[in-house]
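As structure tokens, the structure follows; a few thoughts come after it.
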Amino acid sequence: MSHAFSSPLPDLETLRTGGKRAVARALAAVETARGTCELVALLDAAARAARAHVLGLTGPPGVGKSTLTNALVQRARKAGQTVAVLAVDPSSRRTGGALLGDRARIQTDPEDRGIFVRSMAARDRLGGLSDDAIAAVVLLRAVYDLVIVETVGVGQSEADISLVADTVVLCIQPASGDSLQFMKAGVMELPDIIVVTKADMAEVARRAASEVAGAISLSGGDDQSGWKVPVIRLSATTGEGLEAFDEAVSSHLAHVAPGGAGDARTARRTEQEGKWVEEAIKVRFGTHGLGLARKIALTEGFAPYGPFAREAELVRRLTSGQY
Ligand code: GDP
């Protein structure tokens, strides 16, 4: 099947040591070679070998996500961490190109091997993460120490980004009505951390933060696992609040992955893997197909296999009518 690639797909070791070129080649294969044995093997190996903490940043356009991403990238690089940024661009499907360009707004040194930036279209699901984006995160988190995934939106995007992020951060802008919208949403899935951006606009930021904190306490305040969602006022331009943000991220990581960021087998990640398979099957075969797939997986004990092998086998069975 290797004729499908213009250059050979790297194995996990080459992916880790081959620099940006190897990473770019693997990401290209995600878009062109879905379901091939080589890619399935690489993705499952990468899924087992996660290294990064995956931070999901979401929020409406203009809220300050890329400014915050920039600040986080600089801090991580100073601390000696390698970083990958994946910007999921909701508009690129229609325009045929990335609105966010190649993230001109993320300032990076092209010589720096420790940072990788990529934008990707949001396909398949409304405003959501495509299967390709999920696979890209799996590859990146096996290579870099920190992976930041940026998505646009308020509401559904938190649920979507929770498919891949270890920590979901919702960014809200002061005096924008975002906090009102947040309160109206009420029962929506809570993010893990809420950031009120542009804290240098002091008074409005304070008000927005207290409104959001009020809304959270009305909704009970804790998620099912006992995590208390912190609300952090932050200014990426002055640096105010970045310390507090780092601390919140570290405590959340300790909460979900007591074994550290490399602990790929946390309950959260296992649950995410199950959802990737189900979502991929549902997109292709609908709810009926999903029902069949569940039955196949259950009766044949697919659980020990990696998520990408499970998906590939279920696709094979469903398309060939073997169920
Ligand atoms: P994104 O669309 O969510 O990625 O938002 P951007 O990061 O591009 O920021 C949108 C605008 O808000 C830009 O003009 C930024 O300069 C501005 N901005 C971002 N962070 C801050 C901040 O902390 N303080 C202030 N005053 N402006 C900011």
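The values are calculated or read from the model by the stated rules, or taken from the named source; none is laboratory data. Predicted model, so just to flag it, every value in this text is computed and none were measured. In this analysis, Cβ positions are derived from the backbone assuming ideal geometry, glycine residues included, and neighbour counts consider all displayed protein chains. Note: areas computed on protein heavy atoms with side chains; ligands, DNA, RNA excluded. Shrake-Rupley method; radii C 1.70, N 1.55, O 1.52, S 1.80 Å.
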### Query
Yes or no: E300 open to solvent by 20 Å² or more (accessible area, probe 1.4 Å) and free of Cβ contacts under 8 Å to residues at least 24 places away in the same chain?
yes
#### Entry: Which numbered condition E311 misses (of (1) over 24 Å from T167 (Cβ atoms); (2) open to solvent by 80 Å² or more (accessible area, probe 1.4 Å); (3) of a type in the set (D, E, K, R))
(2)
### Task
Would you kindly identify the strands (runs of 3 or more DSSP E) lying entirely within segment 78-175 that contain at least 3 residues that are at pLDDT 75 or above and more than 12 Å from the chain's Cα centre (by Cα)?
115-121, 167-172
### Message
I'd like the full set of residues that are β-branched (V, I, T), within 16 Å of the ligand (Cβ to nearest atom), free of Cβ contacts under 8 Å to residues at least 60 places away in the same chain and assigned to a loop (DSSP other than H, G, I, E, B), limited to segment 228-278.
### Response
T238
### Task
Filter segment 27-40 for residues that are out of contact with any Lys or Arg (no Cβ under 7 Å at 6 or more places or on another chain), outside any loop (DSSP other than H, G, I, E, B) and in contact (Cβ under 8 Å) with a residue 24 or more places away in the chain and give the result.
A29, V30, E31, T32, C37, E38, L39, V40
### Message
Among the residues of segment 56-71, what is the count of those that are open to solvent by 10 Å² or more (accessible area, probe 1.4 Å) and more than 9 Å from the ligand (Cβ to nearest atom)?
### Response
0
### Task
Specify which of the listed residues (V229, V204) is in the same structural domain as P191 (by TED's automatic domain parsing) and modelled with pLDDT under 80.
V204
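Quick grid of which residues meet (1) more than 17 Å from I194 (Cβ to Cβ); (2) touching a Phe, Trp or Tyr at 6+ places or on another chain (Cβ under 7 Å); (3) open to solvent by 30 Å² or more (accessible area, probe 1.4 Å); (4) modelled with pLDDT under 90:
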| position | (1), (2), (3), (4) |
| --- | --- |
| T237 | yes, no, yes, yes |
| E247 | no, no, yes, no |
| G259 | yes, no, yes, yes |
| A264 | yes, no, no, yes |
| A267 | yes, no, yes, yes |
| V277 | yes, no, no, no |
| F285 | yes, no, yes, no |
### Summary
Here the qualifying pairs (Cβ atoms under 8 Å; residues six or more apart or on different chains; first in segment 144-160 and on the phi > 0 side of the Ramachandran plot; second buried (at least 24 other Cβ atoms within 10 Å of the Cβ) and at pLDDT 80 or above) come out as G153/T58; G153/G59
